[in-house]
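Contents: one structure, followed by commentary.
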Amino acid sequence: MNNTQLIIFDWDGTLMDSEGEILTCMRAAIEDLQLEPRTDNELKNIIGLGLQEALRTLYPQGSNAELLQLTARYRYHFLESPRQPSELFAGARTMVEELHKAGHFLAVATGKGRNGLNKVLEQTGLDDYFHTTRCADECHSKPHPQMLHEIMDYLGVEADRALMIGDTEYDLLMASNAGVKSLAVTYGVHERQRLLDCQPLECVDSIKQLHGWLKEKANLAA
């Protein structure tokens, strides 16, 4: 791991503690359209997928028109409705700043749409620390490898010198499909065994452990 050039982060559940916000916006969108409610577990399971894929998973029998309406309502609640924004996990900002200072390429590959990612990057002030980002409305949804392929091509980094970090099986499977090593975090959406089944290098339980692992294994400066 000491030849790692590029570290790619998932966003929701990996850098930002946004599970509650996503579930709130999804429940509100479902209620707007008076659709059959979904359980918390069903809603959490789709975090990490692109919005279209997520909604199709929740309502596989829904018409295209219904899914378009649901997409619009979710985006409204996430982008425009007033509420307390999600926060970064404790220690995430310091970790990103130090990784950037160490001289490694940093990127984001997320199930968010571009408008949603731009919003949270601006809110957190982290936009200048990432060399490139890819979103689900620009590429195939995870676990398709397109996001990672485009990030590596843009930065000129080979797959064996990249690392994907995420909290869902979709992140880890995307990495595997792209020939990229992965590291799982257990403080997000998917449980440890589900992550281990995807054969990441390791599972870590906090941002503090993640930061320490990267310093040790990826030869990053303290």
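Just a few scattered comments:
- Entry for region 1-93 at q = 0.17 Å⁻¹: log10 I(q)/I(0) = -0.76, Debye formula applied to identical alpha-carbon scatterers, no solvent contribution.
- The simple Förster model, with R0 at 30 Å and r as the Cβ-Cβ distance, assigns Thr71 and Tyr154 a FRET efficiency of 0.65.
- Across the chain, the longest run free of exposed loop sites, meaning GluC sites (Glu not before Pro) lying outside DSSP classes H, G, I, E and B with no more than 15 other Cβ atoms within 10 Å, spans 1-79.
- Cα-based convex hull volume of region 31-76 per residue, rounded to whole Å³: 74 Å³
- Amide H within-cut-off set for Ser182, under 5 Å, with H built and near neighbours excluded: Met164, Leu201
- Close amide H pairs (under 5 Å, H built 1.01 Å from N) link Gly13 with Ser18, Glu19, residues at least 5 positions away or on another chain.
- Solvent-accessible area, 1.4 Å probe, carbon plus sulfur percent, for the chain: 44 percent
- Seen against the Cα atoms of the chain and their longest principal axis, helix 146-155 is set at about 40 degrees.
- Rounded if a/c under 1.5, otherwise prolate or oblate - region 171-222, Cα gyration tensor axes: oblate
- Gyration tensor verdict on region 28-144 (Cα atoms; rounded if a/c is under 1.5, prolate if a/b is larger than b/c, oblate otherwise): prolate
- Ranking Lys119, Lys217, Lys142 from most to least accessible surface, computed with a 1.4 Å probe over the protein chains only, gives Lys217, Lys119, Lys142.
- Relative contact order of the chain, defined on C-alpha pairs under 8 angstrom at six or more residues apart (%): 27 percent
- In a fully extended conformation the segment linking Gln61 and Leu33 would gain 8.6 nm over its present Cα-Cα distance, using 0.36 nm per residue.
- Flagged links, alpha-carbon separation over 19 Å, of Lys142/Lys181; Lys119/Lys215; Lys101/Lys217; Lys112/Lys217; Lys101/Lys215: Lys119/Lys215; Lys112/Lys217
- The Cα atoms of the chain define a convex hull whose projected area, averaged across directions, is 11.2 nm².
- Computed on protein heavy atoms with a 1.4 Å probe, the accessible areas place Leu155, Leu70 in the order Leu155, Leu70, largest first.
- Rounded to 5, percent antiparallel among DSSP beta bridges of the chain: 10 percent
- The residues of the chain present an accessible area of 47 Å² per residue when probed at 1.4 Å with all protein chains retained.
- Every helix of 4 or more DSSP H residues in the chain counts as -39500 (n - 2.57), and over all residues that averages to -13500 deg cm²/dmol at 222 nm.
- Taking amide H positions as modeled 1.01 Å from N, with prolines and chain starts lacking one, the residues under 5 Å from Glu87 and 5 or more places away or on another chain are Asp17.
- The equivalent ellipsoid that matches the C-alpha gyration tensor of region 1-40 spans semi-axes of 35, 9, 8 angstrom, in descending order.
- Between 0 and 90°, nearest 10: helix 169-178 axis offset from the chain longest Cα axis: 60 degrees
- Rounded, prolate or oblate (a/c below 1.5 giving rounded, otherwise prolate when a/b exceeds b/c) for region 132-222 by Cα gyration tensor: oblate
The values are calculated or read from the model by the stated rules, or taken from the named source; none is laboratory data. Just so we're clear, the structure is a prediction, and the values are computed from it rather than from any experiment. FYI the Cβ positions are ideal-geometry reconstructions off the backbone, even for glycines, and counts take in every protein chain you see. Only protein heavy atoms, including side chains, enter the accessible area calculation; ligands, DNA and RNA are left aside. Shrake-Rupley method; radii C 1.70, N 1.55, O 1.52, S 1.80 Å.
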